[in-house]
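S.K.: This structure is in structure tokens; I'll ask about it shortly.
Any read-out appearing in this document is the output of simple, stated calculations on the displayed coordinates, not a laboratory observation. Computed from a predicted structure; not experimentally measured. Positions of Cβ are generated from backbone atoms using ideal geometry, with glycine treated the same way; all protein chains shown enter the neighbour counts.
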Amino acid sequence: MSFPALVEPAAELTIDEVRRYSRHLIIPDVGMTGQKRLKNAKVLVIGAGGLGSPALLYLAAAGVGTLGIAEFDTVDESNLQRQVIHGVSDIDKSKALSAKESIAEINPYVEVVLHEERLDNDNVMSVFEGYDLIIDGTDNFATRYMVNDAAYFLKIPYVWGSIYRFDGQASVFAPSLGEDLPCYRCLYPEPPPPGMVPSCAEGGVLGVLCASIGSIQVNEAIKLLTGIGEPIAGKLMIYDALEMEYRKLKVRKDPNCALCGENATVTGLIDYDAFCGAVSDEAAEAAVGSTISVVQLEHMLKERDNGERDFVLVDVREPNEAEINHIPGAVLIPKGEFLNGNALSQLPSDKQIVMHCKSGVRSAETLAIVKGAGYSDAVHVGGGVVAWVSQIDPSQPTY
Ligand SMILES: [Zn+2]
């Protein structure tokens, strides 16, 4: 599907600009009008890291007139393996400032606007406002959902990308450009349970993968800004660097989407840390390799009933929550009892400990405490009782 250009053309290109952009100008589809649209365009790039680095470099070189950079971090030596907009002399410098200096070196005609603050519910709408297009290069789920929701409310299309080890994904989310176009929540209604998906800092990323996905994002941005080609709105690009394979899947709008569906429940910005189960570093570390699914738990409970194994299932929620729904056979020991140390005396020392809560956030935290106390085979249930009710026992209510 093609779309009308997002940006009106600027009045004129100067003689210097005509010389600079001549390789664009002689492409019939871009031409003078397309380049003038780029000159007039305001694009916000979230993150000047793995994806933001190549994206900013190519957007600047292409002649996008105004580039916003939302980034609050500083350059670390370990960034230089992939964040090619920064150099050795930038270590410990603000990434936003480092990126601005690199852009000035490539194309002094680009105006750079820095947003050197952590995006949150208080500032995201005002930061986004006024941009024609957003490129999301963030690496965490809480920010991704916030970007999606804020862009939806402001009707700003955005190009999303994600990278991990040898795998990358990209798409364009632009419900404002067509009634049947999906948002990020249509593709991923729920964030993964905490601890299930390691970050690039934990799992690593092939540096050049950033260029593969970042350049797809810029490619789509240029198409949207100038109205050429068919942007991948409603499609998901999946790239496998080891197999050297690109696949394109259709992404349908979900009529039940919490944000863009018919009966939307997300009508304003929400608590994204709570929604995504942001957990402490200790909890995230404890959960890696020690998270079981509700299907595994169901199997384990059957084995316990048959006398084939023994373990203690602990519900770490509050009593009022356990009254709403529960996993049969669980004993209730609220998280506070773990924090004050009382819970440990209630746990048998010779049995495996399995913990669950509502969604897997609190149980990841108690898991860290229990493992720290020597229960090395302790596990927690990813997705918690919410996953249990949706996948195993839909007869129970949720809350
Ligand atoms: Zn949606």
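S.K.: What are the ³J(HN,Hα) couplings of segment 144-151, residue after residue, when phi is run through the Karplus curve with 6.51, -1.76, 1.60 and θ = phi - 60°? Round to Hz, x for glycine and proline.
M.R.: So the J values, rounded to whole Hz, are 4, 5, 5, 4, 4, 5, 5, 4.
S.K.: Another question, if that's okay. Relative to 2.2 N^0.38 Å, what does the C-alpha radius of gyration of segment 109-268 come to as a ratio? Two decimals please. All intermediate terms of the calculation are to be shown ahead of the outcome.
M.R.: Values: Rg = 15.6 Å, N = 160, 2.2 N^0.38 = 15.1 Å.
Rg over 2.2 N^0.38 Å, computed on Cα atoms: 1.03.
S.K.: I would also like to ask the following. Quick one: if you stick a label point 7 Å off each Cα along the C-beta vector at Ala61 and Thr265, how many nm between them?
M.R.: About 4.6 nm, to one decimal.
S.K.: A 25 angstrom limit on the alpha carbon distance is what I want to check against. Which of Lys42/Lys95; Lys39/Lys100; Lys95/Lys253; Lys155/Lys235 exceed it? Kindly include the intermediate steps, with their values, before the conclusion.
M.R.: Working: Lys42/Lys95 20 Å; Lys39/Lys100 17 Å; Lys95/Lys253 36 Å; Lys155/Lys235 19 Å.
With Cα atoms farther than 25 Å apart: Lys95/Lys253.
S.K.: How long is the chain along each principal axis, judged by its Cα atoms, biggest number first, in Å?
M.R.: Principal extents (Cα only, largest first): 82, 49, 42 Å.
S.K.: If you don't mind, another one. Going by alpha carbons, how many degrees (0 to 90, nearest 10) lie between the helix axis of 95-106 and the longest principal axis of the chain?
M.R.: Between the helix axis and the principal axis of the chain, the angle is about 20 degrees.
S.K.: Return a whole-number percent for the relative contact order of segment 246-393, with Cα pairs under 8 Å and 6 or more residues apart as the contact set.
M.R.: Values: 206 pairs, mean separation 40.1, N = 148.
Answer for segment 246-393 is 27 percent.
S.K.: For helix 294-305, report the angle its Cα long axis makes with the longest principal axis of the Cα atoms of the chain; keep it between 0 and 90° and round to the nearest 10°.
M.R.: Roughly 10 degrees between the two axes.
S.K.: Can you tell me the 0 to 90 degree angle between the C-alpha axis of helix 361-372 and the longest principal axis of the chain, rounded to 10?
M.R.: Its long axis makes an angle of about 60 degrees.
S.K.: What translational diffusion coefficient, to the nearest whole µm²/s, does segment 1-99 have by Stokes-Einstein, given a Kirkwood radius computed over alpha-carbon pairs, a temperature of 10 °C and 1.306 mPa s viscosity? Don't skip to the answer; put the middle values down first.
M.R.: Working: Rh = 14.8 Å.
Using the Kirkwood radius from Cα pairs, D works out to 107 µm²/s.
S.K.: If you add up the charges near Pro182, with Lys and Arg at +1 and Asp and Glu at -1, over every other residue whose beta carbon is less than 10 angstrom from its beta carbon, what do you get?
M.R.: On the way: positive: Arg185, Lys235, Lys250, Arg252, Lys253; negative: Asp180, Asp254.
In short, +3.
S.K.: Would you list which lysines come within 18 Å of Lys358, measuring only between C-alpha atoms, while excluding same-chain residues fewer than 8 positions from it?
M.R.: Lys335
S.K.: For a footprinting-style exposure proxy, rank Val312, Val159, Val147 by other Cβ within 10 Å, fewest first. Don't jump to the answer; show the numbers that get you there.
M.R.: On the way: Val312 19, Val159 30, Val147 27.
Ordered from fewest to most neighbouring Cβ atoms within 10 Å, Val312, Val159, Val147 come out as Val312, Val147, Val159.
S.K.: Follow-up. Specify, per residue and in Å³, the volume enclosed by the convex hull of the alpha carbon atoms belonging to segment 136-183.
M.R.: Details: hull volume 3.1 nm³, N = 48.
Hull volume normalised by residue count: 64 Å³.
S.K.: With θ set to phi - 60° and the Karplus curve 6.51 cos²θ - 1.76 cosθ + 1.60, what are the ³J(HN,Hα) couplings of segment 135-140 in order, to the nearest whole Hz, using x for Gly and Pro?
M.R.: Working through the residues one at a time gives 10, 9, x, 7, 10, 9 Hz.
S.K.: Let me ask something else about it. Fully extended, how many nm does the chain gain between Lys248 and Val18 (0.36 nm per residue separation, minus their Cα-Cα distance)?
M.R.: Details: separation 230, 0.36 × 230 = 82.80 nm, distance 3.55 nm.
Separation in residues times 0.36 nm, less the Cα-Cα distance, equals 79.2 nm.
S.K.: How much space per residue, in cubic angstrom, does the convex hull of the C-alpha atoms of segment 326-393 take up?
M.R.: Working: hull volume 5.6 nm³, N = 68.
Here the figure is 82 Å³ per residue.
S.K.: Only sites in a loop by DSSP and with at most 11 other Cβ atoms within 10 Å count here; which GluC sites (Glu not before Pro) in segment 235-274 make the cut?
M.R.: Working: sites: Glu243, Glu245, Glu262; in loops: Glu243, Glu262.
Sites meeting the loop and neighbour criteria: Glu243, Glu262.
S.K.: Taking the Cα centre of each part, how many Å lie between segment 18-49 and segment 90-106?
M.R.: One Cα centre to the other: 21 Å.
S.K.: When all alpha-carbon pairs of segment 281-399 are counted, what percent fall beyond 26 Å?
M.R.: Numbers: 836 of 7021 pairs.
The answer is 12 percent, as a whole percent.
S.K.: Return the calculated 222 nm mean residue ellipticity for the chain, to the nearest 500 deg cm²/dmol, obtained by summing -39500 (n - 2.57) across DSSP H runs with n ≥ 4 and dividing by the residue count. Don't skip to the end; give the middle numbers.
M.R.: Details: 18 runs with 150 residues, N = 399.
One gets -10500 deg cm²/dmol as the mean residue ellipticity at 222 nm.
S.K.: Another one. Below 15 Å, Cα to Cα, which aspartates and glutamates can Lys93 reach? Residues fewer than 8 away in the same chain don't count.
M.R.: Glu71, Asp73, Asp76, Glu77, Glu101, Glu116, Glu117
S.K.: Still on this structure, please answer the following. For segment 36-171, what is the largest minus smallest coordinate of the Cα atoms on each principal axis, given in angstrom and ordered from greatest to least?
M.R.: For segment 36-171, the Cα spread along each principal axis is 40, 36, 29 Å.
S.K.: Using the C-alpha gyration tensor of segment 213-265, what are the square roots of 5 times its eigenvalues, in whole angstrom, with the largest one first? Can you show the working numbers first?
M.R.: Working: eigenvalues 130, 60, 16 Å².
Taking √(5λ) for each eigenvalue gives 26, 17, 9 Å, largest first.
S.K.: For segment 266-307 and segment 333-399, compute the distance between their C-alpha centroids and round to whole Å.
M.R.: Here the two parts' Cα centres lie 9 Å apart.
S.K.: Report, by chain and number, residues whose modeled amide H sits under 5 Å from the one on Ala258, excluding near sequence neighbours (fewer than 5 apart, same chain).
M.R.: Distant-sequence amide H within range of Ala258: zero hits.
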